[in-house]
1. If we keep just the residues of the stretch 17-51 that are among the aliphatic types (A, V, I, L, M) and assigned to a loop (DSSP other than H, G, I, E, B), which is farthest from S124 (Cα to Cα)?
2. Every residue in the stretch 239-255 that is within 13 Å of V271 (Cβ to Cβ) and either part of a loop (DSSP other than H, G, I, E, B) or not assigned by TED's automatic domain parsing to the domain that holds R274 (or both), please.
3. Return the residues of the stretch 52-98 that are among the acidic types (D, E), surrounded by 14 or more Cβ atoms within 10 Å (Cβ to Cβ) and part of a loop (DSSP other than H, G, I, E, B); say none if nothing qualifies.
4. Using beta carbons and a limit of 7 Å, which pairs, at least six apart or on different chains, have the first residue in the stretch 99-124 and surrounded by fewer than 16 Cβ atoms within 10 Å (Cβ to Cβ) and the second one of a type in the set (V, I, T) and part of a strand (DSSP E or B)?
5. Within the group F240, F200, which residue is closer than 25 Å to S336 by Cβ and crowded, with 17+ Cβ neighbours inside 10 Å?
6. Return a yes/no flag: does the stretch 178-197 have any residue that is surrounded by fewer than 17 Cβ atoms within 10 Å (Cβ to Cβ) and either in the same structural domain as D49 (by TED's automatic domain parsing) or within 15 Å of the chain's Cα centre (by Cα) (or both).
7. Suppose we keep only residues that are under 30 Å from P258 (Cα atoms) and in a strand (DSSP E or B) within the stretch 113-158. Which one would you say is modelled with the lowest pLDDT?
8. Pick out, from the stretch 165-238, the strands (runs of 3 or more DSSP E) lying fully within it that include 1 or more residues that are out of contact with any Cys (no Cβ under 6 Å at 6 or more places or on another chain), touching a residue at least 24 places away in the same chain (Cβ under 8 Å) and small (G, A, S).
Amino acid sequence: MRARAICLALILTAAAAGAQSFTVLLNNPEGSDFHFVLDPPELAGLDPDSNAFANGVYAYFAEAPAAGAVRFEDLRAGTTRRLEKLAEGTHLLVGFFATANRAEFPVRALLLKAGAGVTERFYSVYAQPVLFKAKAGRGRLAAFAAGGAEPAVRIRIDNDYEDWEGIPVFRSFEDYRPRTFTRERIGGGRLELPIEQSRFWQKAGTGLSDLKMLDDGKNLFVFLSTRSAIADGLSIYLYFRDARDPEGENRVTVELVPPAGPKPGLPVMWVRDRKPAAVGTLASQGFFLEAALDRQAIYAALESAPGQVALELTSGYYDRGSLAYEEFYYAMVALSDLPTPDMLSGTAGATN
């Protein structure tokens, strides 16, 4: 009996040791909240020392989470949190700092050790060095826009694009490639051709990257970034598709014309049976363009209420040498879907 009792005690002791859990104290000394996931199954087996690690974490943030996916845990700025019941071994911590009024968040990845003779370990997580920056409001960060803080919704058309950092991306075209485009020559017809036959796709600013828009009740603000530098000959078109327009036609178009040499940039509104007219202000430089469009003037030219109007976005390039024009279609959005200051921050106040 004594031998059996000793044997049972050894078995229970071993089982208790095998089931032992450990604790990590996680500290956030930064001024921004840190949101994290511990041991995400999507990254299991990924070697943190490999060149593919950053790409794997980037893909993790870019993907929309599946139903029932693990949510991010919160670690408030300047606080410490206890992570309990950790199995002995190394754990992967992946998270981001929700920096206020920024469109991109610093991502960090840390290896946390639990056990190995230490019951409780202490780690501080800093914003630097950054693994990469993830875009707010996209993929797994769909619920996080502008750092969770109220963005400063004050936009000035002045070629200073920091105003837009607190505004989330409305549409992204980073991986977009149309199947076809249209080409038109002076004195000739308009043809729809495969994109492989284009001479100007992804050149002179025709390849768009991000679109941001804001309707503050007075202006329609537009921001565009491009994949190549904007050049003379580029135009951005906003086709307002009214429910009362004949099929395949539209009454109102706004052309965003970047500056060329001494000529300033200008948004021009084209209305059927009227002369073209300036309809706001525009600035452009390098890979960026911003404009404030007179909302009242545009909406007055429409025959239907804004709720029955959609907006189509295209880019076009005119080559003077060949007298040829190419146009590339991007997207259609309803005017009723455009973000407003109330949606972004709860207060109005965009200014031109």
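The values are calculated or read from the model by the stated rules, or taken from the named source; none is laboratory data. Small disclaimer: the values here were computed from a predicted structure and weren't measured. Backbone-built Cβ (ideal geometry, glycine too); neighbour counts: all protein chains shown.
1. Filtering the stretch 17-51 for residues among the aliphatic types (A, V, I, L, M) gives 17, 19, 24-26, 37-38, 43-44, 46.
Filter once more, so that each one left must be assigned to a loop (DSSP other than H, G, I, E, B): 19, 44, 46.
On the way: A19: 27, A44: 23, L46: 23 Å.
Ranking the qualifying residues of the stretch 17-51, first place goes to A19.
2. Kept after step one, since they are within 13 Å of V271 (Cβ to Cβ), are these residues of the stretch 239-255: 239-240, 242, 245, 249-255.
D245, E249, N250, R251 - these are the residues of the stretch 239-255 that are within 13 Å of V271 (Cβ to Cβ) and either part of a loop (DSSP other than H, G, I, E, B) or not assigned by TED's automatic domain parsing to the domain that holds R274 (or both).
3. Of all residues in the stretch 52-98, those among the acidic types (D, E) come to 63, 73-74, 84, 88.
After this cut, where a residue has to be surrounded by 14 or more Cβ atoms within 10 Å (Cβ to Cβ) as well, the list is 73-74, 88.
Residue satisfying the conditions is E88 alone.
4. From residues that are surrounded by fewer than 16 Cβ atoms within 10 Å (Cβ to Cβ), the pairs are L111/T90; K113/T90; T119/T23; E120/T23; Y123/V24.
5. Numbers: F200 fails: closer than 25 Å to S336 by Cβ.
Just one listed residue meets the conditions, F240.
6. No, there is no match, as no residue in the stretch 178-197 is surrounded by fewer than 17 Cβ atoms within 10 Å (Cβ to Cβ) and either in the same structural domain as D49 (by TED's automatic domain parsing) or within 15 Å of the chain's Cα centre (by Cα) (or both).
7. Once the filter is applied, the top-ranked residue is K135.
8. Values: elements: 180-185, 190-194, 208-215, 219-226.
Counting at least 1 such residues, we get 208-215, 219-226.
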